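Asker: The structure is given below, and queries will be raised subsequently.
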């Protein structure tokens, strides 16, 4: 397949693609990703294509899970850092286990993120969407394939396996690791810093 520069406004968009965690998190206002502006421009252009019924942008469950995990764990880390050093648990995870209500410190940020996703708008993939005959192989088998063939971490491999089950062969990501994946068209920042 091929690599496409999502920062190039002339890059044609596919009929369907899956958006990855890194790209979605960079859509947040004030995100510190150095490619946030290019990403936000890409997503705005993508939103126009979606509104014109020319593109479907899929949101997979492992992507939203990873986004929520990053948002909430950062909020927990901030809450832990704000506790008195002499009396706080040894790390943010221990603080959460001891005081689960600390998770609420990230709820507003999670809701703001949901509003960004709705504004794109994304199509959430449902379990029934993953039953297509696009590939007869089980998800765990394809996940292992992507891990061992492209040296990807399990979460990224699961995202690819689910995209494959959807019959989608285009991915949008800021993760440079995905540039090794020859089985998908990868929309990314080609000259990333």
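Values quoted throughout were computed directly from the atomic coordinates according to the rules given, and no laboratory measurement underlies them. In this text the structure is predicted, and so the values were computed from the model without any measurement. All Cβ positions, glycine included, derive from the backbone under ideal geometry; neighbour counts span all protein chains shown.
Asker: Considering every pair of different Cα atoms, what Kirkwood radius, in Å, is found for segment 80-129?
Answerer: Over segment 80-129, the inverse of the mean reciprocal pair distance is 13.6 Å.
Asker: I'd like the orientation of helix 36-51 relative to the chain: the angle between its Cα long axis and the longest Cα principal axis, in ° from 0 to 90, rounded to 10.
Answerer: Compared with the principal axis, the helix lies near 50 degrees.
Asker: Would you kindly compute the Cα radius of gyration of segment 1-113 and its largest Cα-Cα separation (Dmax), both in Å?
Answerer: Calculated on Cα positions, Rg and Dmax stand at 17.9, 57 Å.
Asker: Points 7 angstrom from Cα along the Cβ direction at residue 65 and residue 97: gap in nanometres?
Answerer: 2.0 nm
Asker: Helix 61-81: angle to the longest alpha-carbon principal axis of the chain, degrees 0 to 90, nearest 10?
Answerer: 20 degrees
Asker: Could you tell me what fraction of 2.2 N^0.38 Å the Cα radius of gyration of segment 63-108 comes to, as a two-decimal ratio?
Answerer: For segment 63-108, the normalised Cα radius of gyration is 1.13.
Asker: Still on this structure: Just the Cα atoms of segment 35-74: what Rg and Dmax do they give in Å?
Answerer: Here Rg and the maximum Cα pair distance are 12.8, 36 Å.
Asker: On to the next question. Relative to the compact-globule scaling 2.2 N^0.38 Å, provide the ratio for the alpha-carbon radius of gyration of segment 90-178.
Answerer: The value comes to 1.42.
Asker: Here's a follow-up. Among 147, 111, what is the fewest-to-most ranking by other Cβ atoms within 10 Å? All intermediate terms of the calculation are to be shown ahead of the outcome.
Answerer: Numbers: 147 17, 111 9.
In increasing order of surrounding Cβ atoms, one gets 111, 147.
Asker: Quantify how much of the Cα-Cα distance distribution of segment 148-193 extends past 12 Å, in percent. If you can, show how the numbers build up before the last one.
Answerer: Values: 633 of 1035 pairs.
Beyond 12 Å sits 61 percent of the P(r) for segment 148-193.
Asker: Something else now. Send over the semi-axes of the chain's equivalent ellipsoid, whole angstrom and largest first, taken as the square roots of 5 times the C-alpha gyration tensor eigenvalues. The partial results should precede the final answer.
Answerer: Numbers: eigenvalues 188, 83, 52 Å².
Semi-axes (√(5λ), whole Å): 31, 20, 16.
Asker: So how compact is segment 1-52: Cα radius of gyration and Dmax in angstrom?
Answerer: For segment 1-52, the Cα-based Rg and Dmax read 11.1, 33 Å.
Asker: Rank these for me by crowding, 164, 112, 10, going from fewest to most other beta carbons within 10 Å.
Answerer: In order of increasing Cβ crowding within 10 Å: 10, 112, 164.
Asker: Helix 107-119 versus the longest principal axis of the chain: what is the Cα-based angle in degrees, 0 to 90, to the nearest 10?
Answerer: 20 degrees
Asker: Hey, what did the chain get for relative contact order, percent, Cα under 8 Å, at least 6 apart?
Answerer: Relative contact order, the chain: 34 percent.
Asker: For all pairs of alpha-carbon atoms in segment 119-160, what percent lies in each bin of width 10 Å, listed from the first bin to the last filled one?
Answerer: 26, 43, 26, 4
Asker: Return 175, 31 ranked ascending by Cβ neighbour count within 10 Å, so the fewest neighbours appear first.
Answerer: Placing the least packed residue first, the sequence is 31, 175.
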